[in-house]
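Chemist: Here it is: the structure, laid out below.
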Amino acid sequence: MDIKIPLLRPYFNAEELEEVKKVLDSGWVAQGPKVKELENKIKNYLNVKYAIAVTNCTAALHLSLLSIGIKKGDEVLVSDYTFPATGHSVVYCGAKPVFVDIDLETYNIKPDLICDKITKKTKAIIPVHTFGQPADMGKIIDIAKDYDLKVIEDAACALGAKFNNKFAGIFGDTGCFSFHARKGITTGEGGMVVTNNKELAEKIRKLSVFGMQATWEREQKGFFIPEFNTLGYNYKMSDITAAIGVAQLPRLEKIIKRKQELALYWDKKLKNIESISSPYVDKNARHIFQSYVALVDKNINRNKLIETLRKGGIQTQIGTYASHIQPVYNSQDNCSNSLDIFNRALALPLYYNLTEGDIDLAASWLKKSLEKIK
Ligand SMILES: Cc1ncc(COP(=O)(O)O)c(C=O)c1O
C-alpha cells in the first residue's frame, strides 16, 4: 500500500550537502573540526560547559553511566515507558535497571513513585523526556539530592524542550541527546552528551575514543604516542555526520515552532473524533513534540487501527515500549500505567513539512478507520 502521509519526514535542504561537501573536500572525514563545531554550537544553544559528540544516544547513556561509576551490583531507576536503549544502557554496565511507573498524562516518570524503589544499591535515576515533553525535573532533582543519587537525563527526544524555562538535558549530572532520523533534528544516527561537570566530561570524552586522547586533539599538539589506561569504546561521531548536524541545528527552533502549531491543529481535529484523546501538555513544560502521541480509548483495538490506517496510506505507530515486560530484563517490576499507555498510545504523523491539509486528510481517515474496526 502506498504511503500518502508518512509518520515523519526529516527536513533537509542544500545546506546539508554543502556542509558534507566541505568535509569531503577537506580530506578529514573521521572525528575532527566539524565535530568540534557541532559540539560548540550545542554548548552555545543549551548554555552548557561541555558537549561530547558520540555515535548515538545509546552510547551517550552508556558513557554517562560509566562516568558516574555505575557497575555490577548497582541499581539504576529508569522511567519504564521508553525505548529500550534506556534500560539497555544500564545492563551494559552490569547494573540492574529498576523500572518506575509513569504519569498517565505526561507519560513521564512519576516522581511520587521514585522513593519507594530506592534501596541501598540505588545509585542513579534516568528520567526520560518522553516524546519531547520534559519530566518534572524540579521534583526529580530534589529526590536525587535527598538520597544522594546521580541523575542522567535521557533527552533523546527533547533537544529544545524546557522545564520551567530551563532546557531539558542540563538539570542532571549529564544529559543525553539523539540525532536519530525520528528526532527534532537528525544526522541519520548520532548523539551528544552534555554536562557542566569537567571531570565527567573528561571521562566521557576519553571513554568515547578507546580510552585515549581524541585523535584530532592529539594531531593539534604534535607528535606523541598516547597510552591506553582505560578500557574505552569507539563511540566517536565522524565529521561527515557532524556536518549534517551543523546544517540542521540553526533550523531547530523553526522546526519546533511549526511542529507546535501542527500539534495544536491535531488537537483541534481530535476534539471531533470520539475515542481518541490528544496528548496532555504540562503547564511548566515547553513540549517540542518529537512525536504527537494521542491515546485511544480502552475499547478500541489500537493495533487494528494502525493496520487499517496504513491500508488508507496513513502511517501511524505505537508510542514507545513498556520496558518491564521486555523479556531481556527479566524484571519483577509492576508498571501498570506504562503498560496501559504501551497498549493505547497512537503516534500520528507530525513533521516540519506536514500541512494542515495533510492533517485534515489523516483525520478523516482516522474517523473512517474507527468506524471500520468497530
Ligand atoms: C527515549 C529514548 N532513549 C534513547 C534512544 C536511543 O537513541 P539512539 O537511537 O540515538 O541510540 C531513543 C531512540 O529512539 C529514545 O527514544
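Chemist: If you restrict to DSSP beta bridges whose two residues both lie in the chain, what percentage is antiparallel, to the nearest 5?
Modeler: Of those bridges, close to 60 percent are antiparallel.
Chemist: Can you list the aspartates and glutamates whose alpha carbon is less than 12 Å from that of residue 110, not counting same-chain residues fewer than 8 positions off?
Modeler: Once the sequence-local aspartates and glutamates are set aside, what remains near residue 110 is 80, 101, 136.
Chemist: A follow-up question, please. Aspartates and glutamates near residue 206 by alpha-carbon distance under 15 Å, same-chain residues fewer than 8 away left out - which ones?
Modeler: 217, 227
Chemist: Compute the Rg/Rh shape ratio of the chain: radius of gyration over Kirkwood radius, all on alpha-carbon atoms. Spell out each step's value before the answer.
Modeler: Values: Rg = 21.0 Å, Rh = 21.3 Å.
So for the chain, dividing Rg by the Kirkwood Rh gives 0.98.
Chemist: At what distance in nm do the modelled label points of residue 273 and residue 303 sit from each other, each positioned 7 Å from its Cα along Cα→Cβ?
Modeler: 2.1 nm
Chemist: Can you pull a Stokes-Einstein diffusion coefficient for the stretch 52-101 at 37 °C (0.692 mPa s), Rh from Kirkwood over Cα pairs, as a whole number of µm²/s? Could you put the intermediate results ahead of the total?
Modeler: Working: Rh = 10.9 Å.
In µm²/s, the coefficient rounds to 302.
Chemist: Percent antiparallel among DSSP beta bridges with both residues in the stretch 81-214, to the nearest 5? Before the final figure, lay out the partial values.
Modeler: Working: 7 of 14 bridges.
The antiparallel fraction comes to roughly 50 percent.
Chemist: Check which residues have an amide H placed less than 5 Å from residue 188's amide H, if you skip close sequence neighbours.
Modeler: 181
Chemist: Using only alpha carbon pairs under 8 Å that are at least six residues apart, calculate the relative contact order of the stretch 14-249 and give it in whole percent.
Modeler: 27 percent
Chemist: Now for a different question. How many angstrom separate the Cα center of the stretch 340-368 from the Cα center of the stretch 97-118?
Modeler: Measuring centre to centre over Cα atoms gives 28 Å.
Chemist: Once you have the Cα-Cα distance between residue 332 and residue 120, take 0.36 nm times their residue separation minus that, and quote the gain in nm to one decimal. Don't jump to the answer; show the numbers that get you there.
Modeler: On the way: separation 212, 0.36 × 212 = 76.32 nm, distance 1.78 nm.
The span from residue 332 to residue 120 would gain 74.5 nm if fully extended.
Chemist: Now, a different point. Got a sec? How would 373, 244, 3 order by Cβ neighbour count within 10 Å, fewest to most? All intermediate terms of the calculation are to be shown ahead of the outcome.
Modeler: Numbers: 373 15, 244 25, 3 11.
Arranged by neighbour count, lowest to highest, 373, 244, 3 become 3, 373, 244.
Chemist: Here's another thing I want to ask about it. Considering only C-alpha atoms, what is the centroid distance from the stretch 35-90 to the stretch 176-205, in Å?
Modeler: The stretch 35-90 and the stretch 176-205 have Cα centres spaced 6 Å from each other.
Chemist: Sort 199, 189 so that the residue with the fewest other Cβ atoms within 10 Å of its own Cβ comes first and the one with the most comes last.
Modeler: Working: 199 9, 189 16.
Listed from fewest to most nearby Cβ atoms, that is 199, 189.
Chemist: For the stretch 260-301, compute Rh as the Kirkwood radius over C-alpha pairs and then the Stokes-Einstein diffusion coefficient at 20 °C and 1.002 mPa s; write the answer in µm²/s, rounded to an integer. Can you show the working numbers first?
Modeler: Values: Rh = 11.2 Å.
Rounded, D is 191 µm²/s.
Chemist: Grab the beta carbon distance between residue 13 and residue 367, set R0 = 41 Å, and tell me the FRET efficiency rounded to 0.05. Can you show the working numbers first?
Modeler: Values: r = 34 Å, r/R0 = 0.84.
Calculated transfer efficiency: 0.75.
Chemist: Another question about this same structure. Sort 287, 180, 62 so that the residue with the fewest other Cβ atoms within 10 Å of its own Cβ comes first and the one with the most comes last. Walk me through the intermediate numbers first.
Modeler: Working: 287 24, 180 19, 62 27.
In increasing order of surrounding Cβ atoms, one gets 180, 287, 62.
Just so you know, all these numbers are worked out from the coordinates, no wet-lab data involved. On a predicted model such as this, the values are computed, not experimentally measured, just so you know. Virtual Cβ from ideal backbone geometry, glycine too; neighbours counted across all protein chains shown.
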